[in-house]
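Encoded as structure tokens, the structure appears first; notes follow it.
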Amino acid sequence: MIEKKATKELIAKVGRDKVFCDREYLLSYSYDATGLEFLPDAVVFAESDEDVAATIAFCREHSVPLVPRGAGVGYSGGALAVQGGVVLVFTRMNRILRLDRENSLAVVEPGVITSDLQAAAEKAGLFYPPDPASLKTSTIGGNIAENAGGPRCFKYGVTANYVLGLEAFLMSGEKVRLGAETIKNVAGYDLKSLLIGSEGTLAVVTRATLRLLPLPPQRRLFRVDFSSLAAGARFVQRVIRAHVQPSVLEFMDRSSLQAVYAYQGLPLDERLQAAVLVEIDGSPAEVADREALFEKTVAEAGPLGRERAETFAEQEALWETRRAISPAIAGLKPKKINEDIVVPAGRIPEIVEAIAALAVELGLCIVLFGHFGDGNIHTNLMVDPADAEEMKKVDLALDRIFRRVVEVGGTISGEHGIGLSKKPFMHYQFSPAELELFRNIKRAFDPDNLLNPGKIF
């Protein structure tokens, strides 16, 4: 709890128009997409490096926890003030400071919205590939904190693949500049990469230098429907083995499609059990060659149906189903537990069928969709927290799912991070020695455990 006298000191350091302790502000920044709530003691809206430095100095002097926060759309609880303290919000630090065509890079503040950066890059004939589902609201700082991914990860990789450099403040108050404006850089320890995906537990990022690519001149989008879950999952493998090299390889199961069609007021073919979205991009010649390989793969798979979208409007119409899944399934049960497991691509059919069988065995509603091209299966358990028996089954299901994922060489999180929600399962993937190594790294950066405490471990 921050005393009133200390609050006045924080206001004096940062500015009255940037520090808020009113209950409505505290409530507004007490939750994220997990639905968990923890009330902070104060909310600070940083507008400059000086504001960040002043807030860090205050927290260090008063031994107050500090929680960096972007848009608050995370699914792991990483931006929650579990021990109270100050929530440091970066939505006002939202400038694209530099868009460099010659060197194909952008320098941005952490509060820049992902889709805004993409739009600015495209106007310059450039391309920022990372595209989390929350790209219209999520911030670059949040993406860096969680090492966010998205549908295009299969071809283009995750946020870490595009971060050339970072500026960040340590809890000691020192400012560090990590990385460079070059693609190659092997000088010293790679501390830049250590901060990416650290969920705001090691340092406070205030600036990022991001790599941009040439904008692909052409795109094609396809939807292929199947009459069984297994056939859809196997088709993903067929596309990978056929060297189609799609930029997007997305999967939707029967329950997600059923929810979306009901949400949109559309009839659903009773035979439809799975759908796969495939996007191909590149030069006209590349797209034509890959489309030929893809059409051959489709013919061999014997699908229930297929659609092809060439124009932007046609592509948006196909994407609408995928983008509507989250709001659509929200109506199935009062709460959504959204897991983002990843398995080796060759194990996808096995794991998908195992989870579907588990749902039947336990009588749970489990919705599967996600970025199957890179093995990222979004596993959504739709539950009623007021139903004690159902929640016991959920605990059992999660335990079995995470154990199985690790057994086949996978990971318990591909893009959402650990935060609070996956802390209980870290020991499945990491040994005691590895977890202690993580803790030692945390101590080296933040010896007083003030920066986003209570997360990951």
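Since every read-out is calculated from the coordinates, none of them should be taken as a lab result. Remember, predicted model here, so these are calculated numbers, not experimental data. No Cβ is skipped: glycine too gets one built from the backbone with ideal geometry, and neighbour counts run over all protein chains shown.
Place the peptides 68-78, 228-238 in order of packing, highest mean first, counting for every residue the other Cβ atoms within 10 Å and averaging per peptide. Present the calculation step by step, with values, prior to reporting the outcome.
Values: 68-78: 24.9, 228-238: 19.9.
Top of the packing list down: 68-78, 228-238.
Along the axis of the charge dipole computed for the chain (Cβ charges of +1 for Lys and Arg, -1 for Asp and Glu, origin at the Cα centre), the listed residues 44, 29, 354 are led at the positive end by 44.
Ratio of Rg to Rh for region 218-407, alpha carbon only, Kirkwood?
Details: Rg = 16.9 Å, Rh = 17.2 Å.
Ratio of gyration radius to Kirkwood radius for region 218-407: 0.98.
Per q in 0.06, 0.10, 0.13 1/Å, what log10 I(q)/I(0) does a Debye calculation on the alpha-carbon atoms of the chain return? Debye intensities relative to I(0), on a log10 scale: -0.27, -0.76, -1.24.
Stretching residue 389 away from residue 6 to a fully extended chain increases their span by 133.3 nm, per 0.36 nm per residue minus the current alpha-carbon distance.
For region 95-149, the alpha carbon positions stretch 29, 18, 15 Å along the principal axes, listed from largest to smallest. Under the convention that each Lys and Arg Cβ holds +1 and each Asp and Glu Cβ holds -1, the size of the dipole of the chain around its Cα centre is about 420 debye. Rg/Rh for region 167-276 stands at 1.19; both radii use Cα atoms, and Rh follows the Kirkwood definition. Amide H contacts for residue 172 (H built 1.01 Å from N in the peptide plane; partners 5 or more residues away or on another chain; cut-off under 5 Å): none found. Note on residue 13: lysines with a C-alpha under 24 Å away, same-chain residues under 8 apart excluded, are 4, 5, 175.
Normalised by 2.2 N^0.38 Å, with N the number of residues, the alpha-carbon radius of gyration of region 37-143 equals 1.19. How many angstrom lie between the C-alpha centres of region 153-227 and region 387-457? So the separation of the two Cα centres works out to 22 Å.
Return the subset of 335/393; 393/455; 136/442; 136/455; 336/422; 392/423 for which the Cα-Cα distance in this structure is over 23 Å, preserving the input order.
393/455; 136/442; 136/455
Between residue 207 and 167, the built amide H atoms are under 5 Å apart, and every one of these is 5 or more places off in sequence or on another chain. Helical runs assigned H by DSSP (4 residues or longer) give the chain a calculated mean residue ellipticity at 222 nm of -11000 deg cm²/dmol, each run adding -39500 (n - 2.57) before division by the residue total.
The string of couplings for region 419-427 from the Karplus curve (6.51, -1.76, 1.60, θ = phi - 60°) is x, 9, 5, 9, 3, x, 10, 4, 6 Hz, one whole number per residue in order, with x for Gly and Pro.
Calculate the FRET efficiency for residue 350 and residue 241 from the Cβ-Cβ distance with a Förster distance of 22 Å, rounded to the nearest 0.05. Spell out each step's value before the answer.
On the way: r = 16 Å, r/R0 = 0.74.
Once the sixth-power term is evaluated, E becomes 0.85.
Ignoring lysines fewer than eight residues from residue 184 along the same chain, the ones with Cα atoms less than 21 angstrom from its Cα are 155, 192.
Between residue 399 and residue 181, residue separation times 0.36 nm minus the direct Cα-Cα distance comes to 74.2 nm. Just round it to a whole percent: the fraction of Cα-Cα distances in region 401-457 exceeding 14 Å. Value for region 401-457: 60 percent of Cα pairs lie more than 14 Å apart.
Summary of packing: across the peptides 424-433, 319-328, the per-residue average of other C-beta atoms within 10 Å ranks them, highest first, as 319-328, 424-433.
Computed across region 238-331, the Kirkwood hydrodynamic radius from all distinct Cα-Cα pairs reaches 14.5 Å. Sorting 335-344, 293-302 by their mean Cβ neighbour count within 10 Å, with the most densely packed peptide first, gives 335-344, 293-302.
Per the Cα gyration tensor, region 295-339 maps to an equivalent ellipsoid with semi-axes of 29, 16, 8 Å, ordered largest to smallest.
Just so you know, the Rg over Rh for region 96-214 is 0.94, from Cα atoms, with Rh as the Kirkwood radius. For region 338-457, the C-alpha radius of gyration divided by 2.2 N^0.38 Å, with N the number of residues, is 1.17. Percent of C-alpha pairs per 10 Å bin in region 295-392, short distances first: 12, 34, 37, 14, 3.
Average 1/r across all pairs of distinct alpha carbons in region 4-89, invert it, and you get the Kirkwood radius: 12.7 Å.
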